[in-house]
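To start, the structure itself, in structure tokens.
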Amino acid sequence: MFRLEGVKYKNILDIDKLYIPKNKITCILGKSGSGKTTLLKLLNKLISCTQGEIYYNDRLLKKMDSIELRRNVVMLPQVPAIFPGTVKDNLLIGLKFSEKQLVSDKKIFEILNMVHLNKDLTESAENLSGGEKQRLALARVILMEPEVFLLDEPSSALDEDTEQIIIEKLVRYTKKMNQTLIMVTHSKKIAKTFADNIFEIRKGKVINQ
Amino acid sequence: MDNVIDLQIWQMAAAYIFVVVLLFIVRIKGIPREKEILISTLRMTLQLILTGYILVYIFNNSHPLYTILVIGIMEVFAVYNIFKRVKVKLTQKIKEVIAFSMVTGTILSLFYFILVVINLSPWYEPRYFIPIAGMIIGNSMTGISLGVKKLVDGINEQKHLIEAALMLGATPKMAAKPIVDNAFDSAILPTINSMVGMGIVFLPGMMTGQVLSGVSPVIAIKYQIVIMLGVLGSVALTVILFVQLGYKTFFNEEHQLHI
Ligand SMILES: Nc1ncnc2c1ncn2[C@@H]1O[C@H](COP(=O)(O)OP(=O)(O)OP(=O)(O)O)[C@@H](O)[C@H]1O
Ligand SMILES: [Mg+2]
């Protein structure tokens, strides 16, 4: 799905070769400051590499329209973004941004259930707790049904049990939907349990496992 | 206009004494603004004296070139003043957008009001053209200054929300919309507020001047209405131009935010 060749980003990342397979769960591990978020941003084309080439489905990333790419390869930032408005506004804003068809409340509740968030849709999203905001942001990207998820520590604010359950549901869902999941995580346990493919980033370089 | 009271030197001096008293109070209260008050008073005095003499000359020797020259100086001064007034760092690109929006917006509004509304003849008649240009350019300058500050601050403060929107496939326009709208609102609000209070809370400067110099209040009011509409139109136009072009300077061709 993604192929990186000789990719450098400033002096932060230096990836000689990296392949990320389609329809699989890929986990990215690595110490704080090693360059994990930077890598996801490169794949989402939120930033462009200073050297080398990135291919998405054998197409050169730099030749692709950024907005079209981001609508298929959606990124969930490390710090959940909460926009002014209600829970529902926040859930639908991803679909609005990517100009996709809005979904029914039934679909919304199905996804909220998946991330264990039972909140009134009319509640103001700013009042949610840190962990609730994180799950809200996760539900938002799931609703968008992208080809690829780039999730930057999607469960960092959750307790271990909840984390395990939600990630399991997410993994099952993405497999069913034939989606590709690329996830940064600090939990070796999560990576070992769910990933088809794991690699580590150390000081900007990829260490394969 | 023999009913106009020309101010004598001692009357002017009395006005300055008023400011001296104010300075005295400011000093006693320990408010650290003495320097600013002093400097702005001096600047205002010198600028107005100079302007007064220049206007006398231009009014007596009206010529399209003089009018255009005065407008040009006003525009340059206004643009420069915006750069100085907004206490945020401005890139070269956004400075160009400010200058372009300011000049285009004010000149369009000015010519519409001079040529279509007032139907001035000759069009460059400085007695009308220059004060009207001053009102339009001055107010637009204030509006755009507020807009620039709100836009630049907004983008810096909400960087993470803009990036999050981009990550979800938003166009830069969608991602920046709340900030752009907010910048527009805060730029236009003072003009709207001053329109609402007009005639009740205060008499606007131009009308005061006209009435004092013997023009019938009814005529003065008609002019004031026209000028206020011109000011509103010009402020809105310059600020719309600025925000619509300005937010784009924060994004590159790859639709990435770069700050
Ligand atoms: N825009 C930027 N400009 C300069 N340096 C940056 C920028 N963004 C990140 N960095 C630096 O790049 C390095 C990698 O950052 P990155 O956010 O990718 O780390 P990370 O692996 O995601 O860490 P964490 O686990 O703490 O989230 C860090 O040293 C960081 O300070
Ligand atoms: Mg990170």
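A:LYS36 falls short on exactly one of the conditions (1) of a type in the set (D, E, K, R); (2) more than 10 Å from chain B (Cβ to nearest Cβ); (3) more than 16 Å from ligand 1 (Cβ to nearest atom); (4) within 18 Å of the chain's Cα centre (by Cα), and that condition is (3).
Here is the figure for segment B:125-153: residues that are surrounded by 23 or more Cβ atoms within 10 Å (Cβ to Cβ) and of a type in the set (Phe, Trp, Tyr) total 1.
Can you find even one residue in segment A:50-61 that is free of Cβ contacts under 8 Å to residues at least 40 places away in the same chain, of a type in the set (Lys, Arg) and within 14 Å of chain B (Cβ to nearest Cβ)? So that I can check it myself, show each step before the final result.
Of all residues in segment A:50-61, those free of Cβ contacts under 8 Å to residues at least 40 places away in the same chain come to A:59-61.
Narrowing the set further to residues that are of a type in the set (Lys, Arg) leaves A:59.
Subsequent filtering for residues that are within 14 Å of chain B (Cβ to nearest Cβ) retains none.
Within segment A:50-61 (the criterion being free of Cβ contacts under 8 Å to residues at least 40 places away in the same chain, of a type in the set (Lys, Arg) and within 14 Å of chain B (Cβ to nearest Cβ)), the answer is no, since none of the residues qualifies.
Scanning segment A:118-150 for residues that are within 21 Å of A:VAL184 (Cβ to Cβ) and away from every other protein chain (no Cβ under 14 Å) yields a total of 4. Name the single residue, out of those in segment A:82-98 being surrounded by fewer than 23 Cβ atoms within 10 Å (Cβ to Cβ) and facing chain B (nearest Cβ under 7 Å), that is farthest from A:ARG3 (Cα to Cα). This residue is A:PHE83. Against the test of being farther than 24 Å from A:ALA195 by Cβ, away from ligand 1 (no atom under 16 Å from the Cβ) and among the β-branched types (Val, Ile, Thr), the options A:THR122, A:THR162 yield a single qualifying residue, A:THR122. Among the residues of segment B:82-122, those that are in a loop (DSSP other than H, G, I, E, B) and either more than 14 Å from the chain's Cα centre (by Cα) or over 22 Å from B:GLN244 (Cα atoms) (or both) comprise B:LYS87, B:VAL88, B:LYS89, B:LEU90, B:THR91, B:ILE118, B:ASN119, B:LEU120, B:SER121, B:PRO122.
Does B:PRO131 meet the test of being in contact (Cβ under 8 Å) with a residue 24 or more places away in the chain, over 18 Å from B:LEU90 (Cα atoms) and over 24 Å from the mean Cα position of the chain (by Cα)? Explain how you work it out, then say what you get.
Numbers: in contact (Cβ under 8 Å) with a residue 24 or more places away in the chain: yes; over 18 Å from B:LEU90 (Cα atoms): yes; over 24 Å from the mean Cα position of the chain (by Cα): no.
No; evaluated as a whole, the condition is false for this residue.
Checking A:SER187 against (1) without any contact (Cβ under 8 Å) to a residue 40 or more places away in the chain; (2) away from ligand 1 (no atom under 16 Å from the Cβ), which single condition isn't satisfied? Just one mismatch for A:SER187, condition (2).
Look at (1) among the acidic types (Asp, Glu); (2) more than 14 Å from every other protein chain (Cβ to nearest Cβ); (3) touching a residue at least 40 places away in the same chain (Cβ under 8 Å) and you find that B:GLU163 fails only one, number (2).
Does A:ASP58 fit the bill of being away from ligand 2 (no atom under 16 Å from the Cβ), within 17 Å of A:VAL148 (Cβ to Cβ), surrounded by fewer than 18 Cβ atoms within 10 Å (Cβ to Cβ) and of a type in the set (D, E, K, R)? So A:ASP58 fits the description; yes. Does any residue of segment B:191-201 turn out to be assigned to a helix (DSSP H, G or I) and closer than 30 Å to B:TYR57 by Cα? Taking every residue of segment B:191-201 in turn, none turns out to be assigned to a helix (DSSP H, G or I) and closer than 30 Å to B:TYR57 by Cα. Name, by its number, the condition in (1) surrounded by 18 or more Cβ atoms within 10 Å (Cβ to Cβ); (2) in contact with a helix residue (DSSP H, G or I) (Cβ under 6 Å, 6 or more places away or on another chain); (3) closer than 20 Å to A:LEU92 by Cβ that does not hold for A:SER155. Here A:SER155 clears every test but (3).
Every number in this text was worked out from the coordinates using simple rules, so none of it is lab data. Predicted model, so just to flag it, every value in this text is computed and none were measured. Quick reminder, even Gly has a Cβ in these numbers, built from the backbone with ideal geometry, and neighbours come from all protein chains shown.
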